[in-house]
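**Student:** Quick one: this structure, given as structure tokens, is what I'll be asking you about.
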Amino acid sequence: MLPFNVTENGVLIIHLPADLDIAGRASAAWAIDGYLAAHRSAPAVLELSDAPLSPAAVSTVVRTHRMCRTAGVQLTVVATAAETRRTLEAQTGVAGLVIELTLSVADAALSDAPAPVATAA
């Protein structure tokens, strides 16, 4: 299971290892799906560790973004390492993926923003 917590503003924070391997990708996706279902419509943050970003972690970020967009849930990725942010921006090709530098900025932005409308995938 991936560690998670909920801020006092109601933002779901899921801690995702940036060096996630292929074997852990399925269990990470399953855990994230469960957390999102349990915290329906709560904005979510994927907080990446400072390790180099693996292809499995990129895939998990993209999948989570798609799930959140379809469900109408706001998602922000927190990546403190500049290399990780550049990798996400270059490799995901995902329109609308929000990447923040710190958890406090992401929490504040998600707490103040209106909820998006669900879209078909």
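The values are calculated or read from the model by the stated rules, or taken from the named source; none is laboratory data. Not measured: the values here are computed from a predicted model. With ideal geometry, Cβ positions are generated from the backbone for all residues, glycine too; neighbour counts draw on all protein chains shown. Calculation scope for accessible area: heavy atoms of the full protein, side chains included, ligands and nucleic acids excluded. Shrake-Rupley method; radii C 1.70, N 1.55, O 1.52, S 1.80 Å.
**Student:** From 75, 88, 103, 97, which residue is at pLDDT 90 or above, touching a strand residue (DSSP E or B) at 6+ places or on another chain (Cβ under 8 Å) and open to solvent by less than 60 Å² (accessible area, probe 1.4 Å)? Let's see the steps before the verdict.
**Tutor:** Working: 88 fails: at pLDDT 90 or above; 103 fails: at pLDDT 90 or above; 97 fails: at pLDDT 90 or above.
Only one candidate qualifies: 75.
**Student:** Continuing with this model, one more query. In segment 7-17, what count of residues is obtained for those that are at pLDDT below 90, open to solvent by 20 Å² or more (accessible area, probe 1.4 Å) and of a type outside the set (Gly, Ala, Ser)? Steps first, answer last, please.
**Tutor:** Start the filter on segment 7-17 by keeping residues that are at pLDDT below 90, which leaves 7-11.
Narrowing further to those that are open to solvent by 20 Å² or more (accessible area, probe 1.4 Å): 7-10.
Those still in the list that are of a type outside the set (Gly, Ala, Ser) too: 7-9.
Of the residues in segment 7-17, 3 are at pLDDT below 90, open to solvent by 20 Å² or more (accessible area, probe 1.4 Å) and of a type outside the set (Gly, Ala, Ser).
**Student:** Kindly indicate the residue of segment 10-47 that is among the β-branched types (Val, Ile, Thr) and under 12 Å from the mean Cα position of the chain (by Cα) and also nearest to residue 75 (Cα to Cα) among those meeting that condition. If you could, list the steps in order and put the result at the bottom.
**Tutor:** Of all residues in segment 10-47, those among the β-branched types (Val, Ile, Thr) come to 11, 13-14, 22, 32, 45.
Among the residues that remain, those that are also under 12 Å from the mean Cα position of the chain (by Cα) are: 11, 13-14, 32, 45.
Values: 11: 10, 13: 10, 14: 11, 32: 12, 45: 6 Å.
Going through the qualifying residues, I end up with 45.
**Student:** Inside segment 1-13, can you point out the residues that are within 24 Å of residue 105 (Cα to Cα) and without any contact (Cβ under 8 Å) to a residue 40 or more places away in the chain?
**Tutor:** Within segment 1-13, the first condition is being within 24 Å of residue 105 (Cα to Cα), and the residues that meet it are 2-13.
Passing the criteria: 2, 3, 4, 5, 6, 8, 12.
**Student:** Cβ contacts < 6 Å: first residue within 15 Å of residue 91 (Cβ to Cβ) and in contact (Cβ under 8 Å) with a residue 12 or more places away in the chain, restricted to segment 43-71; second residue open to solvent by 50 Å² or more (accessible area, probe 1.4 Å) and in a helix (DSSP H, G or I), any location; separation 6+ or different chain. Result?
**Tutor:** 56/22; 56/25; 58/91; 60/25
**Student:** Restricting to segment 56-70, count the residues that are under 12 Å from the mean Cα position of the chain (by Cα) and open to solvent by less than 50 Å² (accessible area, probe 1.4 Å). Can you show your working first?
**Tutor:** So the first thing to find is which residues in segment 56-70 are under 12 Å from the mean Cα position of the chain (by Cα), and the list is 57-69.
In the following step, the residues that additionally are open to solvent by less than 50 Å² (accessible area, probe 1.4 Å) were identified as 57-62, 64-65, 67-68.
So the answer is 10.
**Student:** Can you pull out the residues in segment 18-55 that are farther than 16 Å from residue 106 by Cα and buried (at least 20 other Cβ atoms within 10 Å of the Cβ)?
**Tutor:** Scanning segment 18-55 gives 18, 20, 28, 32, 36, 53.
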